[in-house]
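This report concerns only the one structure given below.
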Protein chains: 2
Amino acid sequence: MTEQYGSIEAGGTKFVLAIGNKNLEIMERISIPTSTPSETIPKIIEFFKKFNVCAIGLGCFGPIDLKKDSPTYGYITNTPKIDWQMFDIVGVLEKELAVPILFTTDVNAACYGEYVAGAAKGLSSCVYYTIGTGIGAGAMNMGEFVEGFSHPEMGHMIVRKVEADTYEGNCPFHRDCLEGLAAGPAIEKRTGIKGQEMGQDDPTWDFVADYLAQAIYNTTLILSPEKIILGGGVIKQPQLLPKIKEKFKQLLNEYVSYPHIDEYLVLPTLGDNPGTIGCLALAKKKQTLSN
Amino acid sequence: MTEQYGSIEAGGTKFVLAIGNKNLEIMERISIPTSTPSETIPKIIEFFKKFNVCAIGLGCFGPIDLKKDSPTYGYITNTPKIDWQMFDIVGVLEKELAVPILFTTDVNAACYGEYVAGAAKGLSSCVYYTIGTGIGAGAMNMGEFVEGFSHPEMGHMIVRKVEADTYEGNCPFHRDCLEGLAAGPAIEKRTGIKGQEMGQDDPTWDFVADYLAQAIYNTTLILSPEKIILGGGVIKQPQLLPKIKEKFKQLLNEYVSYPHIDEYLVLPTLGDNPGTIGCLALAKKKQTLSN
């Protein structure tokens with residue numbers, strides 16, 4: 001029998017569930033709303049019971065507890081989504097489905113997808129940013145996720161305010177951090193117009209590009225990754241990437257020799273699938289580790 | 001015969017050479033000035049020829065080429081020290097001494113020392129900052145150095161200017177990056193007084209603590225290390241660490257749960273020896289890998 005792997009992308013608004021084969025090809029995929037655990041979990045179980053997966057990769061919204069020796073390993077921790085606070089998502093699913101689960105953040109899963117089968121295939125390091133309703137990132141270094149006391153939270157990095165930008169920022173923790181100035185809601189709050197409907201020449205895009213370039217510059221100096229992949233809804237604005245590249249080059253001022261800019265700062269090559277493919281690849285890895 | 005390991009700390013002003021045993025105890029150590037390769041290299045060879053080392057760890061001032069598949073692997077690259085530019089330090093020493101060399105940055109070596117035998121012993125991740133005439137950092141993640149297209153250059157991170165600080169910064173590449181505002185020369189340029197002679201209540205220390213706290217905050221969000229170790233001459237000012245901790249806590253605003261601040265931000269436990277012990281440990285690792 002052909003082996004099947006399971007993918008769970010647990011997001012703030014929806015769960016995407018998928019089945020894949022050993023070539024990481026997606027064979028089935030459904031999406032269910034993120035309501036409460038008591039409503040959502042039975043639907044997940046129902047879906048996977050129809051298949052015979054040998055392992056599941058779970059990329060989850062955060063913050064989550066990834067410390068293997070922690071009593072709350074596998075839990076979603078202090079999320080603003082009250083119903084999911086301190087919910088033992090890994091424990092519940094492993095018990096009900098009786099398969100091993102490799103647990104990580106949603107952005108780590110997407111990063112792993114691009115690392116194994118996408119833009120960073122064959123490299124030993126990369127960073128994956130998602131810029132959407134929030135900003136998050138996952139990173140690989142020498143084949144391992146970058147993590148320590150917890151997972152990265154790159155979206156809340158300090159950036160230097162652009163002088164012409166009068167918007168004060170909307171992060172409830174840090175006001176004008178990267179996410180507070182450059183994520184979707186912050187873009188919309190400047191003008192009252194959603195990013196998707198805003199003109200490409202709106203000065204807001206220059207501010208957003210500046211903040212993202214600063215974050216990419218700091219990421220470059222701290223991690224020295226071989227590639228930085230930019231995903232998420234905001235980056236689909238075609239005017240953004242060229243502006244980010246220009247500003248990044250100015251900031252770096254040729255201080256370090258990095259790969260060619262068009263090879264270094266790229267869009268995902270897996271399109272909207274890096275998360276699903278990443279979770280399938282993590283399931284495959286988990287199975288290998290469990291055997 | 002007892003095995004002996006060699007340590008070379010190649011710094012901008014001096015080379016520190018040492019011999020250690022398998023317990024990483026330092027048995028011999030000398031210091032020679034960093035003049036030109038044609039003067040310094042023969043002294044290194046002369047020193048090591050007196051012993052019978054089986055491997056050498058070399059922690060080197062940068063920038064250096066660490067890419068194994070690069071034609072200039074093992075070179076010091078575009079350093080401002082003209083005589084050492086594009087000098088094949090690993091190639092020359094391996095040829096003359098006929099022992100394998102594990103090559104990394106000076107800060108990575110110090111980081112490895114604290115990781116193997118110092119403040120971060122037993123952990124799987126840490127960051128080591130040195131704050132002196134320059135600012136640099138090395139990092140470990142899951143037992144491996146953090147590196148990709150090259151080594152980290154954390155000293156040039158973007159920080160947000162403190163309003164009351166009128167000093168413009170002195171980094172030739174980025175003017176007011178972390179190093180341009182908070183390294184030894186920048187401290188001295190504000191007042192004309194060397195840091196060591198400046199009063200502990202000089203407001204410069206508040207600025208410096210603020211910039212270092214910002215860098216540590218960004219490092220925390222990007223790497224999530226289990227411990228951050230602060231070394232180098234500047235941090236010997238006893239008023240600095242408490243100020244940095246205070247500012248760091250303000251910046252983080254309890255957004256992530258990290259280890260207790262006094263366990264998280266620490267001084268080296270190896271005193272002035274993390275570099276030497278790190279190089280010895282790298283030599284030991286190299287020997288294991290070579291066998």
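The values are calculated or read from the model by the stated rules, or taken from the named source; none is laboratory data. Owing to the predicted nature of the structure, the values given are computational and were not obtained by experimental measurement. Cβ: placed from backbone, ideal geometry, glycine included. Neighbour counts: every protein chain shown. Just the protein is used for accessible areas: all its heavy atoms, side chains included, with ligands, DNA and RNA removed. Shrake-Rupley method; radii C 1.70, N 1.55, O 1.52, S 1.80 Å.
Please go through region A:201-241 and pick out each residue that is out of contact with any Phe, Trp or Tyr (no Cβ under 6 Å at 6 or more places or on another chain), away from chain B (no Cβ under 12 Å) and in a strand (DSSP E or B). Passing the criteria: only A:Gly231.
Would a scan of region B:178-191 turn up a residue that is within 30 Å of A:Val146 (Cα to Cα), open to solvent by 30 Å² or more (accessible area, probe 1.4 Å) and assigned to a helix (DSSP H, G or I)? Yes, there is a match, as at least one residue in region B:178-191 is within 30 Å of A:Val146 (Cα to Cα), open to solvent by 30 Å² or more (accessible area, probe 1.4 Å) and assigned to a helix (DSSP H, G or I). The set of residues in region A:102-142 being open to solvent by 10 Å² or more (accessible area, probe 1.4 Å) and closer than 14 Å to B:Phe149 by Cα consists of A:Gly122, A:Leu123, A:Ser124, A:Met142.
Per-residue answers, yes or no, for (1) within 20 Å of the chain's Cα centre (by Cα); (2) of a type outside the set (Ser, Thr, Tyr); (3) under 19 Å from B:Ile64 (Cβ atoms):
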| residue | (1), (2), (3) |
| --- | --- |
| B:Thr2 | no, no, no |
| B:Glu9 | yes, yes, yes |
| B:Asn23 | no, yes, no |
| B:Ser31 | yes, no, no |
| B:Ser38 | no, no, no |
| B:Ile41 | no, yes, yes |
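Pairs are defined by a Cβ separation below 9 Å, a sequence spacing of at least 6 or placement on different chains, a first member in region A:75-86 that is within 18 Å of A:Phe173 (Cα to Cα), and a second member that is of a type in the set (D, E, K, R); the pairs so defined are A:Thr77/A:Asp65. Would you check if there is a residue in region B:162-169 being away from chain A (no Cβ under 14 Å), more than 30 Å from B:Ala281 (Cβ to Cβ) and acidic (Asp, Glu)? Yes, region B:162-169 contains at least one residue that is away from chain A (no Cβ under 14 Å), more than 30 Å from B:Ala281 (Cβ to Cβ) and acidic (Asp, Glu). Checked against (1) in contact with a Ser or Thr (Cβ under 7 Å, 6 or more places away or on another chain); (2) of a type in the set (A, V, I, L, M); (3) surrounded by fewer than 16 Cβ atoms within 10 Å (Cβ to Cβ), A:Ile30 passes all but condition (1).
Would you confirm, using the coordinates I've provided, whether A:Gly155 is buried (at least 21 other Cβ atoms within 10 Å of the Cβ), touching a residue at least 12 places away in the same chain (Cβ under 8 Å) and either more than 8 Å from every other protein chain (Cβ to nearest Cβ) or under 14 Å from the mean Cα position of the chain (by Cα) (or both)?
Numbers: buried (at least 21 other Cβ atoms within 10 Å of the Cβ): yes; touching a residue at least 12 places away in the same chain (Cβ under 8 Å): yes; either more than 8 Å from every other protein chain (Cβ to nearest Cβ) or under 14 Å from the mean Cα position of the chain (by Cα) (or both): yes.
Yes: the conditions hold for A:Gly155.
Does A:Leu265 satisfy the criteria of being open to solvent by less than 20 Å² (accessible area, probe 1.4 Å) and not small (Gly, Ala, Ser)? Taking the combined requirement at face value, the residue satisfies it. With a requirement of 3 or more residues that are closer than 30 Å to A:Pro259 by Cβ, the strands (runs of 3 or more DSSP E) lying completely within region B:7-85 that satisfy it span B:53-60.
Quickly run through region B:268-289 and pick out the residues that are open to solvent by 20 Å² or more (accessible area, probe 1.4 Å), among the polar types (S, T, N, Q) and closer than 17 Å to B:Glu9 by Cα. Within region B:268-289, just B:Asn273 meets the criteria. Only a single criterion out of (1) over 19 Å from the mean Cα position of the chain (by Cα); (2) away from chain B (no Cβ under 14 Å) is not satisfied by A:Pro185, namely (1).
A residue that is free of Cβ contacts under 8 Å to residues at least 24 places away in the same chain, of a type outside the set (A, V, I, L, M) and open to solvent by 10 Å² or more (accessible area, probe 1.4 Å) cannot be found anywhere in region B:210-232.
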